Structures are given as C-alpha cells and as structure tokens.
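A.B. asks: Right, I'll just put the structure down here and ask away after.
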Amino acid sequence: MAESMKGLKRSHRCTEVSNKNIGEEITVMGWVQKRRNLGSLIFIDLRDRSGLLQIVFDGKDIGEQGFEKAESLRSEFVIAVVGKVEARSGAVNENLATGDIELRGTELRILSESDTPPFPIDENVQIKDELRLKYRYLDLRRANHQRNLKLRSDVTTSVRSFLAEEGFLEIETPILGKSTPEGARDYLVPSRVHPGKFYGLPQSPQLFKQLLMCSGYDRYFQIAKCFRDEDLRADRQPEFTQIDMELSFVDIDDVIDVNERLLAKIFKESVGIDVQLPIQRMTYEEAMNRFGSDKPDTRFSMELVDVSEVVKGCGFGVFTSALENNGSVRGLNVKGQSTMPRKKIDALVAFAKDFGAKGLAYLAIGEDGTYKSSFTKFLTEDETNNLITAMEGEPGDLLVFAADKNEVVWDVLGNLRLKLAKDLELYNSDQFHFLWVTEFPLLEWSEEQQRFVAKHHPFTMPMEEDLHMIDSDPGKVRAKAYDIVLNGTELGGGSVRIYQNEIQEKMFEILGFSKEEAEERFGFLLEAFKYGVPPHAGLAYGLDRLIMLMTKEDSIREVIAFPKVKDASCLMTNAPDVVDEVQLRELELKISEIEEDK
C-alpha cells in the first residue's frame with residue numbers, strides 16, 4: 001500500500017550527495033533501479049534524474065518492520081529514504097558519481113508500487129522502437145534520455161540568456177494562422193465559428209516575425225513550435241522546434257556574427273567544445289562543385305573532381321553523351337582502395353543508381369601501376385594517363401566516375417562520398433566541423449509545376465549585383481541566403497528579406513503569382529510594407545537537429561520527449577484517432593469513405 005510523504009522533504013537528489021556529506025542525515029527519493037538481498041543486508045540502487053545512489057538497509061538501523069518493507073521492494077517502486085551518508089563499505093565503483101559513498105537507511109517509505117516493466121530501465125539494453133515508444137514514459141526514465149533532455153534544457157537556457165544580452169526580445173507568435181501552401185503541406189485545423197474555413201499550423205513564424213520588424217521591435221527571438229505535414233525521416237518530425245530570430249537594420253555579416261558567437265556559447269557551456277571563430281564560409285556553387293552537396297561534411301576530404309575537359313572527345317560514349325547534353329563528368333579518388341572486391345564495387349553501383357545514376361565507371365590503380373577498369377578500353381593510353389593525373393591517382397587508389405546532368409552527378413557522388421566515408425571510417429565522430437554556405441540560387445526550376453519556385457521562400461532578397469538578370473535569366477540569380485552546416489547536416493538557415501515593394505512584386509511575378517493571388521495569400525504583409533519597413537534579416541535553427549548532433553544520436557526522436565513514428569502517429573496515445581460524431585457536427589464536417597479501385 002502506498003504511503004504518504006507527509007513530514008518528509010527531499011534534501012538531495014541522488015548525485016548531489018558526495019563524500020563531503022559523510023556523517024550527515026539526508027532524505028532522498030526516487031525509483032528502485034536494482035535490489036540485492038544478502039540476507040542480513042539489503043542493497044538498493046536508487047535512481048532519480050541525476051543518477052544513482054547506493055542505499056544499504058540493515059535491520060539494526062531500520063528495525064524489523066522497516067527491513068521487511070525493504071525486502072518487498074522491486075524494480076521501479078518509488079520510495080523515500082532517510083539515512084546517514086557513509087563511506088562505501090565495499091569496493092568503490094569508479095563508474096558512478098556516488099561510487100565512493102552509500103546511504104545507510106534509517107527510515108523507508110514506499111510511495112508507489114510498480115508492475116514489472118515491459119523492458120529493463122537500462123540504457124545499455126537494446127529494445128525494439130515500437131515497444132519503447134509505446135511505453136515512452138518508461139523509456140524516458142533511461143539515463144541516456146535523461147541526459148539528452150537535460151542538455152536540451154541547458155541549450156535553450158543558454159540561447160535565451162545570450163540573445164537577451166544581445167538585445168533580443170522573446171515574443172510568441174500565433175499557432176493558429178493562415179494556410180500559405182508554398183512548399184511543404186500545412187496541417188489544417190477546422191474552425192467551428194467559421195464553418196468551411198481552416199487555420200493552418202505554422203511551418204515557421206516567418207511572416208509574423210517580419211511583421212514584428214515592421215512594428216519596430218528591432219530584434220526578436222522565439223523557441224517556436226512548427227508543423228509540417230511531410231514524410232518523416234531520421235532528422236524530421238511532423239512537429240518540431242526552431243530557435244527563431246529576426247533582426248532589423250542588418251546585412252549578412254551582422255546575422256552571421258551574432259550567430260557565430262551564439263554557437264560558441266552554446267557548445268562551450270553545454271558540451272565543453274570550443275568553436276573556432278570565424279566559421280569557414282563557402283558559396284553554394286563551390287560546395288556543390290567540391291562536395292556534391294549544399295551541406296557538405298568537411299571532416300574529411302575526398303572531393304569531387306570535374307574531369308569533363310579531360311575526357312572531352314574520348315571514345316567512351318557514356319562520357320561524351322553526358323557532355324553533349326550539357327552535363328559533366330566528375331570523379332572521386334577513394335585513396336588506398338584499389339583492392340576493393342568486385343562485389344563491393346557492384347554494391348556502390350547499385351547505391352549510385354538509387355540517386356539517379358545510370359551506372360558508375362571505375363578505375364583501380366594497382367600497387368604495381370597496372371590498373372583494372374570498366375571503361376579504359378575505350379580510351380587511348382594518353383587519355384587514361386591524363387585522367388589519372390587529373391584525379392591525382394596513385395598506386396593503390398580506386399577512382400570512380402559519374403556522367404550525367406550536373407544535378408544528377410552532384411547527387412550521386414555527394415551521397416557516395418558520404419557512404420564511403422562512413423564505411424571506411426574516414427572521419428572522427430568526436431569532431432564538430434561548422435560551415436556557412438552562402439549565395440544560394442534564388443530560384444529553382446520545378447519540372448512538376450513547370451515554373452520557378454523559391455529555393456528558400458518568396459521573401460528572400462536577391463543579391464543586388466544579380467538583379468539585372470531576374471527577367472532575362474532568373475535561374476542564375478543568387479540569393480542573400482545562408483545556411484549553417486554541422487558535420488554534413490543543415491542546422492539552420494536564413495536570409496536577408498525583401499523590403500522594397502517593387503522587388504517583392506517582381507519575385508511574385510517570377511514565381512507565377514498574379515497580383516490577386518499574391519494579395520490573397522500575403523496581403524496583410526504587403527499592406528504592412530506600405531507603412532515603412534526596415535531592412536531586416538533572420539535565421540532559424542532546428543533545435544531538435546542541433547541536440548541530435550550534440551548528443552551524437554542517429555535520430556531526432558532520441559532528443560524529443562514524445563516523438564511520432566514514421567507514419568506521423570504516436571504509439572503511446574494512438575494519435576491521430578477518430579473523434580466523436582458530435583464534434584464533427586459542430587465543425588460542420590462529414591467524413592466520407594474513399595472507395596478503393598477494384
């Protein structure tokens with residue numbers, strides 16, 4: 001039967017006790033991690049969010065009734081213990097913060113009993129995701145999750161402290177807003193008082209934070225909940241959290257400066273890492289050409305090499321046809337891998353095909369200078385030697401090549417580069433390599449929609465020196481946009497915003513919006529811009545991704561308290577679920593069954 005804690009007050013968390021407290025009487029409370037009954041003595045490992053503390057119960061100290069109570073303890077019982085701190089009687093446990101002490105219990109109260117958990121509350125035990133997410137409240141008791149969520153709290157505290165000192169105001173923006181379906185799908189919320197109309201949950205606070213700049217608040221930030229109805233993956237959830245900010249009277253360098261100092265503070269205070277400032281910058285064009293990615297992992301080299309000029313006019317049709325179709329031929333030098341088995345090379349080819357390649361060409365340079373190749377029979381000896389020289393090939397190297405449109409070649413080799421680096425362990429997972437990627441294209445062509453779409457969003461400022469091309473060659477216009485990348489993952493992104501009406505109107509025109517459509521979707525913002533708008537810029541981080549990288553987890557689910565699974569459902573609460581017919585009638589909604597095609 002559960003007992004009351006009346007008259008007891010916790011004096012310490014488990015790991016707040018140390019050998020400095022020896023001889024003191026304290027009160028601790030928490031969960032039973034483990035019980036060991038040695039007959040005359042019972043040992044308990046007590047757990048709270050801070051860690052473990054060993055408690056020893058002896059009938060001489062706690063009495064016969066208290067000892068019987070200690071004998072009844074099982075894993076996950078919640079207890080309160082009063083006792084005296086002593087030096088540990090057995091061997092010191094170097095793996096525990098409290099490994100040199102123990103608490104000799106003089107009073108025990110069982111505050112709550114527990115059924116046998118469906119899995120051990122131990123971070124070293126492998127458990128199926130479905131099971132632990134169904135019992136997420138138990139999974140969260142494990143030490144790794146406790147550390148992860150504490151770090152998340154520490155980071156947000158550090159962010160708030162830094163930005164407040166920098167003159168930012170924390171302002172909340174609405175969750176129920178207007179749907180602006182330009183990009184990912186919105187989550188929609190039906191309105192009861194406006195039948196047939198819907199709110200859109202925010203994909204970001206973008207429009208509202210720009211309005212705050214129009215309102216003169218100068219520097220805004222928010223730890224903002226955002227929502228996107230899109231397919232999930234390891235670093236994506238339907239609801240996620242942004243560290244969101246906007247600044248007035250600034251340009252790119254100002255935004256980068258404050259954010260570099262913010263990152264340095266976060267990493268130093270939270271994980272003891274010194275971020276070297278200034279952080280390296282690289283243009284989008286350079287990143288794509290060197291790494292095949294706009295979020296390159298710079299912890300290792302193995303860069304792409306453009307050999308289009310070298311193989312131009314050679315006898316290998318795969319190369320020449322790609323060049324004739326305005327594509328390119330590029331390669332990777334996989335150092336020291338010339339003896340890679342054919343089976344593994346075939347697996348690389350299959351991997352490349354997943355990213356649009358028709359195949360991969362390879363050339364393995366033996367230690368004796370001879371080589372094996374899938375294509376050099378179509379090249380002259382000079383052409384082969386020139387190709388090896390261009391790739392800086394040496395005996396023992398494996399050279400792989402892709403030929404196609406630039407976008408395909410970048411995608412294939414960029415992803416192949418990451419796979420090879422992981423398989424061959426080419427980087428130190430303890431390293432943190434930051435990079436700013438700048439000068440993104442303002443627009444990209446959508447084959448599906450047969451029009452230009454915004455690379456970031458419709459409010460991104462073009463680079464002034466490219467404005468003359470916005471009508472004649474819009475695909476070449478660069479944006480005043482920037483992403484912050486860590487170890488090959490985009491941490492955040494932002495841009496300088498358009499604040500001149502004529503540029504904003506031109507942007508809408510290029511995107512295919514009529515004046516009426518632009519007014520319908522963004523009229524409130526355009527109206528605000530008529531009343532004096534300052535030059536402004538901003539940036540938003542994915543907080544979940546940031547914590548995932550800081551904790552070296554493979555998925556953001558491990559740093560979110562109650563995440564969704566791949567189909568955007570919650571295994572613990574069974575959300576989403578059906579609702580009462582009464583609720584649907586109040587919303588004037590009717591669910592119709594969709595007939596499957598026979």
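A.B. asks: Calculated FRET efficiency, Ser429 and Ser373, Cβ-Cβ r, R0 35 Å, to nearest 0.05?
C.D. replies: That gives a FRET efficiency of 0.55.
A.B. asks: To test your reading of the geometry: what angle, between 0 and 90 degrees and rounded to tens, separates the Cα axis of helix 252-271 from the longest principal axis of the chain?
C.D. replies: 30 degrees
A.B. asks: What does the accessible area of Asp483 come to, in Å² to the nearest 10, when a probe of 1.4 Å is used?
C.D. replies: 10 Å²
A.B. asks: With every protein chain present, what is the per residue accessible area of the chain (1.4 Å probe, Å²)?
C.D. replies: Using a 1.4 Å probe on heavy atoms only, each residue of the chain averages 52 Å².
A.B. asks: Give the lysines reachable from Lys134 as a straight Cα distance under 19 Å; neighbours fewer than 8 places away on the same chain don't count.
C.D. replies: Lys564, Lys566
A.B. asks: Net charge within 15 Å of Val305 by Cβ-Cβ distance, Lys/Arg positive one each and Asp/Glu negative one each, not counting Val305 itself?
C.D. replies: -2
A.B. asks: Report, in whole Å, the centroid distance computed from the Cα atoms of region 1-41 and region 109-142.
C.D. replies: 21 Å
A.B. asks: If you don't mind, another one. Pairing the Cα long axis of helix 59-71 with the longest principal axis of the chain, what angle in degrees results, from 0 to 90 and rounded to the nearest 10?
C.D. replies: Taking Cα atoms only, the helix is inclined about 60 degrees.
A.B. asks: Now for a different question. Using modelled amide H (1.01 Å from N, peptide plane; none on Pro or chain starts), what sits under 5 Å from the amide H of Leu491, excluding residues fewer than 5 places away?
C.D. replies: The answer is Ile484, Val485, Leu486.
A.B. asks: Give the long-range amide H neighbours of Arg281: residues separated by 5 or more places, or on another chain, with amide H under 5 Å away, using H modelled in the peptide plane at 1.01 Å from N.
C.D. replies: Trp436
A.B. asks: List, in the order given, every pair from Lys9/Lys69; Lys295/Lys422; Lys343/Lys405 whose Cα-Cα distance in the structure shown is over 23 Å.
C.D. replies: Long pairs (Cα-Cα over 23 Å): Lys343/Lys405.
A.B. asks: With all protein chains present and a 1.4 Å probe, how do Asp430, Asp235 order by accessible area, largest first?
C.D. replies: Final ranking, largest accessible area leading: Asp430, Asp235.
A.B. asks: Sticking with this structure for a sec: Report the gain in length on full extension from Arg451 to Phe198: 0.36 nm times residue separation, minus Cα-Cα distance, nm rounded to one decimal.
C.D. replies: Separation in residues times 0.36 nm, less the Cα-Cα distance, equals 88.3 nm.
A.B. asks: Using the C-alpha atoms of the chain, what convex hull volume per residue, in cubic angstrom, is computed?
C.D. replies: Hull volume over Cα atoms, normalised by residue count, gives 249 Å³.
A.B. asks: Sort largest first and round to whole Å: the equivalent ellipsoid semi-axes of region 391-498, each the square root of five times a Cα gyration tensor eigenvalue.
C.D. replies: Semi-axis lengths for region 391-498 are 32, 20, 12 Å.
A.B. asks: Heavy atoms only, 1.4 Å probe, whole protein assembly: order Trp31, Trp410 by accessible area, highest first.
C.D. replies: Ranked list, largest accessible area first: Trp31, Trp410.
A.B. asks: Still on this structure, please answer the following. List the aspartates and glutamates whose Cα sits under 15 Å from the Cα of Lys530, skipping any in the same chain fewer than 8 residues away.
C.D. replies: Glu502, Glu505, Glu519
A.B. asks: Also, quick follow-up: Can you list the residues, at least 5 places off or on another chain, whose amide H is less than 5 Å from the amide H of Phe440, using H built in the peptide plane?
C.D. replies: Tyr284, Ala479, Ala481
A.B. asks: Quick one: how many Å² of Glu516 are accessible to a 1.4 Å probe, rounded to 10?
C.D. replies: 130 Å²
A.B. asks: Can you work out the Karplus-derived ³J(HN,Hα) for every residue in region 108-116? Use 6.51 cos²θ - 1.76 cosθ + 1.60 with θ = phi - 60°, whole Hz, and x for glycine or proline.
C.D. replies: 10, 10, 8, 7, 6, 8, 9, 5, 5
A.B. asks: Taking θ = phi - 60°, what integer Hz values does the Karplus form 6.51 cos²θ - 1.76 cosθ + 1.60 yield along region 359-365, in sequence order, with x for Gly and Pro?
C.D. replies: Taking θ as phi minus 60°, the curve returns x, 10, 9, 9, 9, 9, 8 Hz for region 359-365.
A.B. asks: While we're on this one: I'd like the Karplus ³J(HN,Hα) series for region 466-476: coefficients 6.51, -1.76, 1.60, θ = phi - 60°, whole numbers in Hz, and an x wherever there's a Gly or Pro.
C.D. replies: Ordered by residue, 3J(HN,Hα) equals 9, 4, 5, 9, 5, 8, 7, 8, x, x, 9 Hz.
A.B. asks: Okay, next question. I'd like the FRET efficiency for Ala97 and Lys9, computed as 1/(1 + (r/R0)^6) with the beta carbon distance as r and R0 of 22 Å, rounded to 0.05.
C.D. replies: FRET efficiency, Ala97 to Lys9: 0.45.
A.B. asks: Measure off, as a whole percent, the carbon and sulfur share of the 1.4 Å-probe accessible area of the chain, all protein chains present.
C.D. replies: The value for the chain is 48 percent carbon and sulfur by accessible area.
A.B. asks: Could you give the distance between the Cα centres of region 293-364 and region 505-563, to the whole Å?
C.D. replies: 36 Å
A.B. asks: Note down the relative contact order for the chain as a percent, whole number, built from C-alpha pairs under 8 angstrom at least six residues apart.
C.D. replies: 12 percent
A.B. asks: Would you calculate a helix-derived [θ] at 222 nm for the chain, using -39,500 (n - 2.57) for each DSSP H run of n ≥ 4 and dividing by the full residue count, to the nearest 500?
C.D. replies: Rounded to the nearest 500, it is -9000 deg cm²/dmol.
A.B. asks: Could you sort Tyr362, Tyr217, Tyr499 by accessible area so the largest value comes first, with the probe set to 1.4 Å?
C.D. replies: Tyr217, Tyr499, Tyr362
A.B. asks: Give the Rg/Rh ratio for region 119-270, taking Rg as the radius of gyration of the Cα atoms and Rh as the Kirkwood radius, to two decimals.
C.D. replies: Here the Rg-to-Rh quotient is 1.04.
A.B. asks: With every protein chain left in place and a probe of 1.4 Å, what is the accessible surface of Leu176, to the nearest 10 Å²?
C.D. replies: Estimated to the nearest 10 Å², Leu176 gives 90 Å².
A.B. asks: By how many degrees, 0 to 90 and rounded to 10, does the Cα axis of helix 501-510 deviate from the longest principal axis of the chain?
C.D. replies: The two axes meet at around 80 degrees.
A.B. asks: In whole angstrom, how far apart do the alpha carbon centroids of region 185-242 and region 388-423 sit?
C.D. replies: 40 Å
The values are calculated or read from the model by the stated rules, or taken from the named source; none is laboratory data. In this text, all values refer to a predicted model and were calculated from it rather than measured experimentally. Heads up, the Cβs are rebuilt from the backbone with ideal geometry, glycines too, and the neighbour counts pull from every protein chain shown. In case anyone asks, the SASA skips ligands and DNA or RNA and just uses the protein heavy atoms, side chains included. Shrake-Rupley method; radii C 1.70, N 1.55, O 1.52, S 1.80 Å.
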